[in-house]
Amino acid sequence: EPAPPRRAGPPRRTTSSMGAPEGPPPPLPAPPAVSGLAVVDYHAGQVTWGAQVFGVLHNAVRKELRDLYAVMLAVHTRKGRTARHEDLALMDWWAVFRIFFREYVTIEDNILFKLVSTEGLSYVQRREVDMLMNALKSARLELLTHFRQLTDVCDRLFVTPLIRLLPELFSAFALFAEATLAYFTEQERRLPPHFEWCHASSTRADIDQRIYEHMARGKYPHTNLVILTQWMDPRELLDWKRTHLKGYAKKMTFGKWEADFLRTHKKTVEEFHVSSASAGAMSKMRRSTSGSSGRGGGPSSEVSPR
């Protein structure tokens, strides 16, 4: 007699390199819809010097968030497939930005917020300023909560493949990016009148210099100063260098830092773009091949990096 059919057992579970059991990867989520990441022209229209004070720092953060968003779009194009070294490269990318963002927060406390003075104001006016600053600091606390959540997700790339973290990564990024942009908008709307009431317009150049000196004296000037300026167009960057990099040695050192930045931090973003373009080409070729063999291919759901 033929042997009775074998009963199907439970799905086989694999283990990761760290020994933790792994099931099938979660469904691939769609990237978050985040707008407003483009750098802002603080010299256009009726932008006052009080708002221009935020230009260098806010645009630097916007540019980094835009690059991270481009990486997530690229990963989605590749349907979440990444190599181990790419996961670690993304973790290192975030570690560099994390240092810069913490310096940004320190600059707010030590430089920007100190531009707001209540000297000469009435009691009612002082209360209004205090309420404004408390509201901004409360919004920043929420922002920093999202920042820590995104940091936790990126740190877990050391032991967890990116494809398994994509839902959390997309969600945490959306919360952090949206909170950051809303916070920037509120600062740029409400603080400039106070800056301009308390200080002369020449203060703006002094603030730019103090921001540069803070980053230059910090622990990681070789990355923080380049992030501070990488969003600038060539003419604006040349003006910045003429203003802050006095002497041949400083200019040469900064040039070396730029080159190192392109080979490491910026290269991570570019390599995800290249890999996603290759994945898109292979996907099109497979669809073309399947079509010629009589198999219908469905519409592409790929998202091209922007």
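Data table
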{"read-out": "Members of region 152-167 found to be surrounded by fewer than 18 Cβ atoms within 10 Å (Cβ to Cβ), modelled with pLDDT of 95 or more and not charged (D, E, K, R), listed by number", "value": "Phe158, Val159, Thr160"}
{"read-out": "Among (1) open to solvent by 20 Å² or more (accessible area, probe 1.4 Å); (2) of a type in the set (Ser, Thr, Tyr); (3) assigned to a helix (DSSP H, G or I), the one test that Ser117 misses", "value": "(3)"}
{"read-out": "Test for Glu108: is it farther than 25 Å from Ala30 by Cβ, touching a Lys or Arg at 6+ places or on another chain (Cβ under 8 Å) and not β-branched (Val, Ile, Thr)", "value": "yes"}
{"read-out": "Matching residues, region 215-236, being in contact with a helix residue (DSSP H, G or I) (Cβ under 7 Å, 6 or more places away or on another chain) and under 17 Å from Asn59 (Cβ atoms)", "value": "Met215, Thr223, Asn224, Leu225, Val226, Ile227, Leu228, Thr229, Gln230, Trp231, Met232"}
{"read-out": "Residue within region 57-68 that is more than 18 Å from the chain's Cα centre (by Cα) and of a type outside the set (Lys, Arg) present", "value": "no"}
{"read-out": "Matching residues, region 180-204, being without any contact (Cβ under 8 Å) to a residue 60 or more places away in the chain and open to solvent by 70 Å² or more (accessible area, probe 1.4 Å)", "value": "Thr185, Arg189, Arg190, Trp197, Ser202"}
{"read-out": "Filter result (closer than 25 Å to Gln52 by Cα and outside any helix (DSSP H, G or I)) within region 221-259", "value": "Gln230, Trp231, Met232, Asp233, Leu245, Lys246"}
{"read-out": "Only one of Arg98, Arg84, Arg66 that is within 16 Å of Asn224 (Cβ to Cβ) and either of a type in the set (Phe, Trp, Tyr) or open to solvent by 10 Å² or more (accessible area, probe 1.4 Å) (or both)", "value": "Arg98"}
{"read-out": "Residue in region 35-58 that is at pLDDT below 95, open to solvent by 20 Å² or more (accessible area, probe 1.4 Å) and closer than 20 Å to Leu144 by Cβ present", "value": "yes"}
{"read-out": "Any hit, region 168-179, residues being buried (at least 18 other Cβ atoms within 10 Å of the Cβ) and either among the hydroxyl-bearing types (Ser, Thr, Tyr) or part of a loop (DSSP other than H, G, I, E, B) (or both)", "value": "no"}
{"read-out": "Among (1) in a loop (DSSP other than H, G, I, E, B); (2) over 29 Å from Tyr212 (Cβ atoms), the one test that Val124 misses", "value": "(1)"}
{"read-out": "Residue match in region 127-137 (condition: at pLDDT below 95 and not in a helix (DSSP H, G or I))", "value": "no"}
{"read-out": "Condition broken by Ile163, with the remaining ones in (1) out of contact with any Pro (no Cβ under 8 Å at 6 or more places or on another chain); (2) in contact (Cβ under 8 Å) with a residue 60 or more places away in the chain satisfied", "value": "(1)"}
{"read-out": "Arg156 part of a helix (DSSP H, G or I) and more than 19 Å from the chain's Cα centre (by Cα)", "value": "no"}
{"read-out": "Hits in region 207-231 - residues which are without any contact (Cβ under 8 Å) to a residue 60 or more places away in the chain and surrounded by 19 or more Cβ atoms within 10 Å (Cβ to Cβ)", "value": "Tyr212, Leu225, Val226"}
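The values are calculated or read from the model by the stated rules, or taken from the named source; none is laboratory data. Model, not experiment: these values are computed from the prediction. When we count neighbours, we look across all protein chains shown, and the Cβ atoms used for this are built from the backbone with ideal geometry, even at glycine. Please note that ligands, DNA and RNA were not included when accessible areas were found on the heavy atoms of the full protein model with its side chains. Shrake-Rupley method; radii C 1.70, N 1.55, O 1.52, S 1.80 Å.
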